[in-house]
Amino acid sequence: MSPVLGLFSPSGAVSPPAALRRAAQRLAALGFEVAVDADALARHQRFAGTDTQRLAALHRVAEAAPAVAMATRGGYGLTRLLDGIQWPLLARSVERGTRWVGHSDFTALQMGLLAHTGTPSWAGPMACGDFGRTAAEAGGEDAVDDITRDCFLEAMDGSLEAVGFRTEPGFDGLEVRGRLWGGNLTVLLSLLGTPHWPRAAARGGVLFLEDVNEHPFRVERGLLQLRQAGVLQAQRAVLLGAFSGSRAVPQDRGYALKAAVARVREGLATPVLTGLPFGHVHPKLTLPVGRRVQLVVQGREVLILW
């Protein structure tokens, strides 16, 4: 019997609808029984339906407890729902075997789930952006890249126990343990000081971050906010993924993400590693949010084990 994969839209409206159809077909070809929520293509302003519709969809998926619950896309909208989510219902779905998967705006749900119940989830691909692309959107290559696909499948069947990537020099011999947490930088910052901030995970953890369409000065400002709030200092390590989609402007005069990261690192004892293949990029890894991991660096090779 094929595992059920539920597709639902908790954030922005899906456009074009064909991307969701392609994603459903491709995920079915990978061996899933795909169940598309009734309101997955709903529209209200920029959202995938009203707040009431999207909250109901989220709870429907939790009650159904499919093997995999994957967001169709990100955008914005989950923050509106956080105060109304039945967190114990979502936690029970995980106990019944559901793996909640997504990134970007989905960070809000993942952090809320950690904050309220301590329940893990998966940072990984989403339907439209990763499985619904056309070959043209993928630059003429295969619409679904092998690494994203295979890492996701292994994470969902339980066989994935480690992921690796290559970082810059200077961290050889580093070995730390802690709870892996994080996601989209902008979304994470919006939760700081709210009941949906995962305080337990934020102490002694391994924090990973990514963002899209944010100039390096905004990335620096966000990282400095986390530092000034004492969050970065409390981590065993910080892993920076892709900060894609921004463009340099004339007044930058050489200022770029590398300079932003260097500024954040000044006087900070917590190691900040770059190069994590995660974010609004292809390929992307699938990562166990809320799980305890071991981070090991040999030369420039980084291994995350759980």
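The values are calculated or read from the model by the stated rules, or taken from the named source; none is laboratory data. All values derive from a computational prediction rather than experimental measurement. Note that we place each Cβ from the backbone using ideal geometry, even for glycine, and neighbour counts take in every protein chain shown. Remember, those area values only see protein heavy atoms, side chains included, never the ligands or the DNA or RNA. Shrake-Rupley method; radii C 1.70, N 1.55, O 1.52, S 1.80 Å.
Data overview
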| read-out | value |
| --- | --- |
| Relative contact order for the stretch 153-274, counting Cα pairs under 8 Å that sit 6 or more residues apart, in percent | 27 |
| Relative contact order [Cα under 8 Å, 6+ residues apart], the chain, whole percent | 19 |
| Rule-of-thumb Rg ratio for the stretch 45-178 [Cα; 2.2 N^0.38 Å; N residues] | 1.19 |
| Whether the stretch 194-306 is rounded, prolate or oblate, judged on the alpha carbon gyration tensor where a/c under 1.5 counts as rounded | prolate |
| Within a Gaussian network of the chain (alpha carbon springs, distance under 10 Å), most fluctuating of ALA262, ALA67, ALA237 | ALA262 |
| Phi to ³J(HN,Hα) by Karplus 6.51 cos²θ - 1.76 cosθ + 1.60 over the stretch 218-230, Hz, x for Gly, Pro | 6, 5, 4, 4, x, 5, 5, 4, 5, 5, 5, 8, x |
| The stretch 128-218: projected area of the alpha-carbon convex hull, averaged over directions, in nm² | 9.2 |
| Cα gyration tensor shape for the stretch 1-53, rounded if a/c is under 1.5, else prolate or oblate | oblate |
| Overall dimensions of the stretch 104-255 by Cα: Rg and Dmax, Å | 17.0, 49 |
| Anisotropy class of the stretch 1-114 from Cα gyration tensor, a/c 1.5 cut | oblate |
| Correct option for volume of the Cα convex hull per residue in Å³ [calculated from the coordinates] among (1) 145; (2) 173; (3) 133 | (3) |
| Carbon and sulfur %, accessible surface of the chain computed with the full protein complex present, 1.4 Å | 50 |
| The stretch 39-81 versus the stretch 227-273: alpha-carbon centroid distance in Å | 32 |
| Å² per residue, accessible surface of the stretch 160-306 at 1.4 Å | 46 |
| 222 nm mean residue ellipticity, helices alone, for the chain (DSSP H n ≥ 4; -39,500 (n - 2.57); rounded to 500) | -9000 deg cm²/dmol |
| GluC sites (Glu not before Pro) restricted to the stretch 149-255 and DSSP loop, no more than 13 other C-beta within 10 Å | GLU161 |
| Spin-label proximity, ARG177 to the stretch 292-306 - amide N less than 17 Å from point 7 Å beyond Cα toward beta carbon | 292-297, 303-306 |
| Long-range amide H partners of ALA69 with built H, under 5 Å | GLY6, ARG99, TRP100, VAL101 |
